[in-house]
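The values are calculated or read from the model by the stated rules, or taken from the named source; none is laboratory data. Treat the numbers as computed from the prediction; the structure is a model and nothing was measured. Glycine also receives a Cβ, built like all others from the backbone with ideal geometry; neighbour counts cover every protein chain displayed. With ligands, DNA and RNA removed, areas are computed over all heavy atoms of the protein, side chains included. Shrake-Rupley method; radii C 1.70, N 1.55, O 1.52, S 1.80 Å.
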Amino acid sequence: MKESKDNQMELLLRTLGASSPMSVDSAVTVQQTEHLDADEMNAFAEGQLSDRTRARYVAHLADCGSCRSIIASLPQTVEAFSKTVAPEHASGFWARLTAFFSPAVLRYAIPALVLAAVVGVSFLALRQQRETAFVARNEENSEADKRNAAPGLEGSSATTAAPAQAPVPAASVPTENYADERRSKNPSESSTKPGPPSGEAPLSDLNAAPATTATNQPVDSLYKQAEQPPPPPKPEAPVIMSETAKEEAEDRQARRRENDKLSQPGSADSSRGAAPASGGVLSARKVQELPASQRGYELKRKDADEEVRTVGGRHFRRQGSAWIDTAFSTGRSTINVSRGSEHYRTLMGDEPGLRAIVEQIGGEVVVIWNGKAYRIR
Amino acid sequence: MTVNSSQLESLVADGAKRLIARSGGDSYGVNTALLEPRMRAAVEKYLLRDNPEVQPQQIASFFDTLQSDDLCLIVACENGDERAWTDLVERFSATVRSAARTASSNEATAEDLAQSIWAELHGLRVRDDGRPSGKLAYYSGRGSLAGWLRAVVAQLAIDQHRKQSRLVQTEEDAEFDRLIDHDGDGARILPGSVNPEVATARKFATDEMQKALAQSIQQLDAEDRLLVKLYYFDNLRLREAGAVLGVHEATASRRLTRIHTDLRSRVERILINEKGWTETETHRAFSELVPHLDTDIEPLLSESGRLTKRGSEIAG
């Protein structure tokens, strides 16, 4: 519609222009003003006039065809335009801003901006896709952990949990993972355990002074609660093996999906007789348990050649000389148990599942068992 | 603060000294006494006339932008310096010849025109002081000497063409005035019209529209009016019309689009308020009459030897 209106005006103007052989001007106006001399025309054509003087000349030229025809015929009219503009017209912030957004600049700036936007969006989309894949795997991993933890708990409940003290169901086991604890700068901000003592060492300071129990209870009293006999190990083993096999399959899938650069997997579980899982992928699953704000950090840690292993359905990450259960969160209190101590022997007797893990992992190990964090060294 | 006359004289004297110092190798012995009247006239013509409140430093800057070499050369020529005349002809004969060729239809006319230029520059009349009076006195040094010479050639060409042409400016202006003020009773019956009554009615309506358009064009501000005149009446390309106004072709195109809208509303207002048309008649005239104008003006364009507009230069 607008275009047709423009065309109508175009035709009307062309008709008016064609109806007079020469330019149609107001004779009255021309007679009242002086024609421009050659010097003035040249100054106008070369852009050497002040704004006010130029406006006066423009007003005359708009009504004087002869002066207009001379001005238009001067080659310096075009030459001066193609060169730098007269200072009166080029100064000011708006002139510079206009020059910045001139077609000549936009001709190249717009495609460059579009390309940069496409690259940026693609990068973000790929990254999001990667994180989503990690989320999927980590969710599967956490489910596998829960399933593994439930039978473990059921098995160990006979040895550890007193009927009076209902065993902590797997579902209610707090998600004490790295991210939550690491995120809480204040160790006393333990989300699940009541009254964690202040001064709780963060995960990175496991070699520091041992922490007190989370519940502030004497260690021995924990084992006095275990009145039921330990469950037979056989039922556990199949569970462990099936979980491990499942994890291994998931590891292989994840490995195919990513270009994992993590370190070699940990030593194989002899009872399982299977190849150990890829620590990198497994830790990636753990990573997915983390909130989104921590995932990036964890992914970076995953990428940074960290050593991981899976034992007894638990995932352990090497930190210094210690193997840390990935379910362990910084700031959580640990129960310190020395290998060979009476406490150790009692604990191992009561918790064969724990014993299997601890005996496979030599040296210092931090493991979450029955909702408690044990630091065995 | 307005610059008084004594301040102006002081500024002119200082400016003349600086100009001579700026002129490269040869100032042809031109002294400040010869330059000062020229420079005073230039600052009054290009600065003080439109900017009475100009500051002293603006006047000083104005003098510093004058073309020192060219101005010294011209002043020396005007002073009768033969060496300066020789240099002028030697340096600018090619420029004059090129400009004459552009302004002329053939080589012979161009050669005559070029020769006339030098006579005009030197001047055939003699002033009271015995020196020839020519166009050299009109060069202020504001623009380049080569550009000034091209303007002089173009001006002389127009003058010569008018003397030889049967159509003169006043007649064309009168015709335009008639378009605006008078009712056209000499409506031309276009050839090929089957129904004379319909053709007459159409022509009458078209004339009314053109009068309203001419009136609307006169109401535009100077810049817009100049652009319309350059593009539609002088048949310049959009790029050339933009160059006269000192704007890019795209800017000129956008301005024309805006002017179309402005003119249309003005024309409609004139037709409705002054000519007594209804809105329906006005809109129908635009939609039904105007498209036929392309056919109607074809003979006119052929007669004038001008081609139709090359493509659509105006942004839609």
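Among rounded, prolate and oblate, which fits segment B:1-140 when a ≥ b ≥ c are the square roots of the eigenvalues of its C-alpha gyration tensor, a/c under 1.5 means rounded, and a/b larger than b/c means prolate? Verdict is prolate for segment B:1-140. Given R0 = 56 Å, the distance between the Cβ atoms of A:Leu97 and B:Thr280 translates into a calculated FRET efficiency of 0.80. Spin-label model, B:Arg162/B:Ser5: points 7 Å from Cα along the beta carbon direction are separated by 3.5 nm. Ligands, DNA and RNA aside, B:Thr102 has an accessible area near 100 Å² when probed at 1.4 Å.
What FRET efficiency comes out for the pair B:Asp221/B:Val198, r = Cβ-Cβ distance, R0 = 41 Å, nearest 0.05?
In this case the efficiency is close to 0.60.
Once both labels are positioned 7 Å from their Cα atoms along Cα-to-Cβ, the gap between B:Ala41 and A:Ala125 label points is 7.3 nm. At 0.36 nm per residue, and after removing the present C-alpha to C-alpha distance, how many nm does the segment from B:Ala33 to B:Thr251 gain when stretched out fully? My answer for the length gained is 73.9 nm. Rounded to 0.05, the FRET efficiency of the B:Arg83 and B:Asp262 pair, given R0 = 51 Å and the Cβ-Cβ distance, is 0.35.
Excluding B:Ile259 itself, calculate the net charge of residues whose Cβ lies under 13 Å from the Cβ of B:Ile259, where each Lys or Arg counts +1 and each Asp or Glu counts -1. Walk me through the numbers on the way to the answer.
Working: positive: A:Lys5, B:Arg225, B:Lys229, B:Arg254, B:Arg255, B:Arg258, B:Arg264, B:Arg266; negative: A:Asp6, A:Glu10, B:Asp221, B:Glu223, B:Asp224, B:Asp262.
It works out to a net charge of +2.
Only protein heavy atoms count here; under a 1.4 Å probe, B:Trp118 has an accessible surface of about 50 Å².
Enumerate by residue number the GluC sites (Glu not before Pro) in segment B:1-102 meeting two conditions: DSSP loop (anything except H, G, I, E, B), and at most 12 other Cβ atoms within 10 Å of the site's Cβ.
Details: sites: B:Glu9, B:Glu44, B:Glu53, B:Glu78, B:Glu82, B:Glu90; in loops: B:Glu53.
Sites meeting the loop and neighbour criteria: B:Glu53.
Remark: spin-label model distance B:Glu53-A:Thr346 equals 10.0 nm, labels positioned 7 Å along the Cα→Cβ axis.
Give me the accessible area buried between chains B and A, both sides summed, with a 1.4 Å probe, in Å² rounded to the nearest 100.
Details: alone 18960 and 21450 Å², together 34090 Å².
Buried surface at the B/A interface: approximately 6300 Å².
Using a probe of 1.4 Å on the protein chains alone, the accessible area found for B:Glu288 is around 100 Å².
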